[in-house]
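Since the structure comes first, as structure tokens, the remarks are kept for the end.
The values are calculated or read from the model by the stated rules, or taken from the named source; none is laboratory data. All of these numbers come straight from a predicted model, not from anything done at the bench. For neighbour counting, all protein chains shown are included, and Cβ atoms are generated from backbone atoms with ideal geometry for every residue, glycine included.
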Amino acid sequence: MSQHHPDKLVSKGLPEEMIDLATEKTQAIGKAYKTLREVRGF
């Protein structure tokens, strides 16, 4: 999650397209984590 966090990539000066991709990946990771927590009863 940390390596795809949009704030970290913005500070590195990456192009907007990369930031958008990172945002999508971060959201997908968060959704997967939420699903796992629900399945495991946390």
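For the chain, a tally of residues being in contact (Cβ under 8 Å) with a residue 12 or more places away in the chain and either of a type in the set (A, V, I, L, M, F, W, C) or touching a helix residue (DSSP H, G or I) at 6+ places or on another chain (Cβ under 9 Å) (or both) returns 11. Regarding residue 3, is this residue part of a helix (DSSP H, G or I) and either surrounded by 11 or more Cβ atoms within 10 Å (Cβ to Cβ) or modelled with pLDDT of 85 or more (or both)? Criteria not met by residue 3. Only one entry in 30, 13 is in a loop (DSSP other than H, G, I, E, B) and loosely packed, with under 14 Cβ neighbours inside 10 Å, namely 13.
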